[in-house]
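The values are calculated or read from the model by the stated rules, or taken from the named source; none is laboratory data. Note that the coordinates shown come from a computational prediction; the quantities given were computed from them, not determined experimentally. For neighbour counting, all protein chains shown are included, and Cβ atoms are generated from backbone atoms with ideal geometry for every residue, glycine included.
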Amino acid sequence: MNTEETKREKFDRGEIVATHTGNIAWVWIFPILAAMVAGWLFWKQSESLGPKIEITFEDAPGIQAGKTQLLYRGVKSGIVEAVELDKDLNHVVVKVQLEAFAAELASKNTDFWIERPVISITELNGLESIIQGNSIQARTQGGPPQSQFTGLAKPPLLPLEKGAFTIRLQSQTIPLINRGAPVYNRGIKVGVVREKVLDEKGRPTLDLYIEKEFRSAVRTNSRFWPIEATALQFGQQGLKLDIAGIDALIQGGISFDHYGEPGAEAASNSVFEFSANEFDARTCGKTFTVMFQEGRGLIAGVTKVCYLGQPVGLIDTVEAVPASHSVKTTMRLYPEYDALVDSATRLSLVCPRISLDGVTGLDTLITGVYIDMQPGVGGEPATELLGRTVSDREWQTIQDERNGMLLTLYAEKLPTIDKGAPVLHRGLTAGSVLKKSLDDKGRSILHIVIKPEFRHLISVNSRFWRIPATSIKVGPGVLQVELESVEALVQGGVEFESFGTLIKSEAPVSEFQLFDDKKTAQAESTPIRIRFDNGRGLVAGRSELRYLGVPVGIVEEVETKDQHIWVVARLNSGYEFLRTQDAVYSVVRPNISLQGITGLETLVSGVYIECSPGSSKKMATSFVGKTTFDSEEITPTGLSVKLKAEGSPINPGAAIYYRGISVGRITEKSLSQDGRDVVLTAVINRKYSHLIHENTKFWDASGLKATLGFLKFRIQTGSVIVPDGQICFATPDNAAMGPAARDGDTFPLYPEPQADWAKWNPSIPTNE
């Protein structure tokens with residue numbers, strides 16, 4: 001049996017038969033291919049990997065193994081494989097697998113730092129980390145291979161090219177300006193802030209990098225200042241808010257320029273002073289020393305020096321000097337204004353003052369205290385000056401006192417007029433008040449000075465009067481309240497004028513009367529005296545004399561003598577013809593009665609004296625005046641009786657009524673012999689005299705009586721509606737009236753009627 005037959009028999013019995021053909025089985029092809037691919041991939045991966053490095057950080061927030069990337073110039077250059085603590089637990093060791101193309105990062109001069117998002121009021125960067133997570137950044141300058149590194153706590157400074165132009169700024173304090181902040185020259189970005197550190201003396205320092213093409217903009221006299229992110233301005237035009245930009249708001253910024261003639265180009269690494277603001281930077285002129293008697297409101301670096309109302313300098317330092325009881329300051333000006341300062345320059349401290357000494361510097365409530373500079377004429381060069389703290393008006397008063405005309409004004413009593421108050425002529429400031437005093441006669445004296453350019457206006461007929469702080473004008477359809485000025489309200493003032501022809505005298509006149517107002521001052525004629533039986537409503541210094549309705553004089557005095565009223569008055573210039581012997585002077589008051597309505601204009605203007613010229617050519621100084629009721633005829637043959645009361649507002653001229661009909665008048669008002677009662681003389685017209693009997697009752701009917709429910713009240717209107725008052729009477733029925741009254745009989749005057757008097761209705765036959 002051959003071999004093939006033996007194998008077939010064994011196979012048929014189910015036995016395993018080994019065969020060998022000498023060729024590879026197909027089943028091994030796929031495992032071999034898989035192994036070859038895996039080997040090729042391993043080789044490719046090994047070829048793409050670079051060296052492994054270790055980086056030690058103080059902390060490593062957000063760094064995760066297998067996730068956090070190492071970036072170089074924004075390109076993934078490695079991956080974090082592990083994050084561990086060192087054996088002392090003080091630092092974090094980060095193991096990084098570099099890519100093969102980044103093998104150069106494993107060199108000695110490579111810096112590593114963690115990039116994390118920073119959002120604050122001073123800095124904004126790394127925002128991409130919010131989405132991508134924190135990363136490790138790298139920057140290299142080559143060097144020998146190295147595998148262990150110490151990471152930086154913050155990003156390193158930008159590398160400087162060879163020959164880069166840098167400068168340094170120093171100051172006692174530096175505001176919120178951080179690394180990366182822009183640097184501008186006249187609005188153009190020319191560089192950035194590289195670093196903000198403290199120098200060896202502890203002063204804040206800013207290192208700036210200026211691009212090459214702009215290095216010529218930096219001069220030896222360049223001035224640097226921070227860009228204000230926000231600026232709030234308040235003035236006459238309102239409130240204004242300026243915002244420089246979001247970058248300036250977050251990072252800050254720096255601007256620079258030169259003032260005056262440009263200096264030479266600055267060298268690299270030059271050091272400059274960093275000013276607090278643009279105004280401080282611009283005041284780079286000469287330094288001057290100024291001494292003040294006081295330093296109220298002066299603030300170093302804030303108080304400005306102004307010329308013609310515009311800022312031109314700054315107070316640099318303020319220092320009290322106890323030895324001389326003064327304040328020493330230094331000031332710097334804009335370079336172009338240095339030439340204005342010499343020994344004759346006047347420097348004045350301007351601050352708000354509202355007091356009896358004046359109202360000045362109110363603009364400083366908005367602008368702040370400042371130094372007003374007025375250049376002198378013909379002064380010598382100087383660096384030390386004397387400042388003054390008095391107001392401009394006080395300073396002018398001093399100058400006027402030296403060169404002006406000194407006068408004295410006298411008055412029985414001086415109003416509120418104080419030192420420095422203005423003396424005006426037709427609205428122009430012609431002088432000022434120097435002081436107040438008392439003379440040897442006990443009179444109040446006001447010492448004033450008139451400026452040289454106004455002294456020719458002073459003559460013997462000059463009149464001075466007090467300026468009213470406020471005045472009220474009332475007329476038909478007019479109610480006007482005028483405020484002369486804040487100065488007049490606080491300090492007072494004087495005004496003068498020469499009414500009529502300017503009269504010069506050979507001898508200079510230096511003493512004048514001070515009148516209360518212009519009306520009184522203008523009435524310059526010889527005084528006249530007018531007698532009235534009733535002077536009610538006449539007020540000295542207020543009541544006017546009028547001719548044809550036009551004011552022509554003023555009442556100066558009102559006095560009582562011999563049971564009469566005597567008025568002393570003056571007429572204005574040009575109205576001497578009203579002083580003729582037969583001139584008529586009548587008191588005009590408001591009067592409303594059954595006979596008519598007169599004098600209602602006095603409700604607005606006040607009681608006045610109407611003047612009527614006579615035909616005589618003789619002049620007089622004393623007159624007998626009339627009242628408005630004098631024109632109303634009273635029968636001389638009427639019944640005359642007396643009315644007695646403890647007191648009464650009734651005055652001569654008051655009408656007497658019977659059942660609404662005027663039947664008589666009050667002709668006289670006096671006191672009883674014992675002085676305890678007021679006695680009124682009543683004259684009843686003859687045709688009505690039969691109405692008066694022994695039991696007739698008289699009462700004061702000047703008031704209005706009203707009833708409201710259980711309330712009863714009386715309104716006195718005699719002073720307005722019926723200025724002299726009015727009287728009513730009633731007589732009882734025939735059986736009770738008594739005999740007819742006779743001349744001289746006396747009756748009581750009741751304040752108001754009783755209820756039953758109104759029911760009386762007698763039948764009284766007439767005397768005719």
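Against the conditions (1) at pLDDT 85 or above; (2) under 30 Å from Ala655 (Cα atoms), Gln581 satisfies every one except (2). Quick check on the stretch 209-223. Is at least one of its residues within 30 Å of Phe57 (Cα to Cα) and either touching a strand residue (DSSP E or B) at 6+ places or on another chain (Cβ under 7 Å) or not assigned by TED's automatic domain parsing to the domain that holds Glu265 (or both)? The answer is yes, given that some residue of the stretch 209-223 is within 30 Å of Phe57 (Cα to Cα) and either touching a strand residue (DSSP E or B) at 6+ places or on another chain (Cβ under 7 Å) or not assigned by TED's automatic domain parsing to the domain that holds Glu265 (or both).
Taking the stretch 222-267 as the region of interest, the strands (runs of 3 or more DSSP E) fully inside it that hold 1 or more residues being modelled with pLDDT under 55 are 230-235, 238-243.
How about the stretch 402-445: which strands (runs of 3 or more DSSP E) wholly inside it have at least 3 residues that are free of Cβ contacts under 8 Å to residues at least 40 places away in the same chain and in the same structural domain as Ser462 (by TED's automatic domain parsing)?
Working: elements: 405-411, 422-425, 428-438.
Output list reads 428-438.
Mind checking whether some residue in the stretch 287-298 is in contact with a helix residue (DSSP H, G or I) (Cβ under 9 Å, 6 or more places away or on another chain), outside any strand (DSSP E or B) and at pLDDT 85 or above? Looking for residues that are in contact with a helix residue (DSSP H, G or I) (Cβ under 9 Å, 6 or more places away or on another chain), outside any strand (DSSP E or B) and at pLDDT 85 or above, one finds none in the stretch 287-298, hence no.
When you look at Ala507, is it of a type in the set (A, V, I, L, M), surrounded by fewer than 12 Cβ atoms within 10 Å (Cβ to Cβ) and modelled with pLDDT under 75, yes or no? In short, yes.
Scanning the stretch 525-559 for residues that are loosely packed, with under 15 Cβ neighbours inside 10 Å and touching a residue at least 12 places away in the same chain (Cβ under 8 Å) returns Thr526, Pro527, Val539, Gly541, Glu557.
Do you know which of the residues in the stretch 300-318 that are in contact (Cβ under 8 Å) with a residue 60 or more places away in the chain and aliphatic (A, V, I, L, M) is surrounded by the fewest Cβ atoms within 10 Å (Cβ to Cβ)? Break it down into steps so the answer makes sense when it comes.
Within the stretch 300-318, the subset in contact (Cβ under 8 Å) with a residue 60 or more places away in the chain is 302-307, 312-313.
Subset that is aliphatic (A, V, I, L, M): 302, 305, 312.
Details: Val302: 17, Val305: 23, Val312: 21.
The qualifying residue surrounded by the fewest Cβ atoms within 10 Å (Cβ to Cβ) is Val302.
Determine which member of the set Ile554, Ile609, Ile592 is of a type in the set (A, V, I, L, M, F, W, C) and at pLDDT below 80. Talk me through it step by step, then tell me what you get.
Working: Ile554 fails: at pLDDT below 80; Ile609 fails: at pLDDT below 80.
Result: Ile592 is the single residue among Ile554, Ile609, Ile592 that is of a type in the set (A, V, I, L, M, F, W, C) and at pLDDT below 80.
What is the residue count in the stretch 141-155 for residues that are part of a loop (DSSP other than H, G, I, E, B) and on the phi < 0 side of the Ramachandran plot? Show your work before the answer.
Of the stretch 141-155, the ones part of a loop (DSSP other than H, G, I, E, B) are 141-144, 146-147, 151, 153-155.
This time we only want the ones that are on the phi < 0 side of the Ramachandran plot, so: 141, 144, 146-147, 151, 153-155.
Total meeting the criteria: 8.
In the stretch 74-95, the residue that is modelled with the lowest pLDDT out of those that are crowded, with 17+ Cβ neighbours inside 10 Å and in contact with a helix residue (DSSP H, G or I) (Cβ under 9 Å, 6 or more places away or on another chain) is Ser77. The listed residues are Gly660, Gly614, and the only one of them that is modelled with pLDDT under 85 and either under 30 Å from Arg570 (Cα atoms) or touching an Asp or Glu at 6+ places or on another chain (Cβ under 9 Å) (or both) turns out to be Gly614.
For the stretch 617-657: of the residues being in contact with a helix residue (DSSP H, G or I) (Cβ under 6 Å, 6 or more places away or on another chain) and surrounded by 16 or more Cβ atoms within 10 Å (Cβ to Cβ), which is modelled with the highest pLDDT?
Residues of the stretch 617-657 in contact with a helix residue (DSSP H, G or I) (Cβ under 6 Å, 6 or more places away or on another chain): 619, 635, 637-639, 653.
In the following step, the residues that additionally are surrounded by 16 or more Cβ atoms within 10 Å (Cβ to Cβ) were identified as 638-639, 653.
Working: Gly638: 82, Leu639: 90, Gly653: 78.
In this case the residue turns out to be Leu639.
Which of the following residues is out of contact with any Cys (no Cβ under 6 Å at 6 or more places or on another chain), in a strand (DSSP E or B) and charged (D, E, K, R): Arg542, Arg529? Walk me through it before giving the result.
Numbers: Arg542 fails: in a strand (DSSP E or B).
Residue meeting the stated conditions: Arg529.
Taken over the stretch 39-59, residues that are at pLDDT 70 or above and either under 60 Å from the mean Cα position of the chain (by Cα) or in a helix (DSSP H, G or I) (or both) amount to 3.
In the stretch 685-708, the residue that is modelled with the lowest pLDDT out of those that are part of a strand (DSSP E or B) and of a type in the set (A, V, I, L, M, F, W, C) is Leu708. Checking every residue in the stretch 356-364 against the condition of being under 32 Å from the mean Cα position of the chain (by Cα), at pLDDT 85 or above and among the β-branched types (Val, Ile, Thr) gives zero matches. Can you spot a residue in the stretch 563-578 that is under 30 Å from Leu680 (Cβ atoms), part of a loop (DSSP other than H, G, I, E, B), at pLDDT below 85 and out of contact with any Gly (no Cβ under 9 Å at 6 or more places or on another chain)? Yes: the stretch 563-578 contains one or more residues that are under 30 Å from Leu680 (Cβ atoms), part of a loop (DSSP other than H, G, I, E, B), at pLDDT below 85 and out of contact with any Gly (no Cβ under 9 Å at 6 or more places or on another chain).
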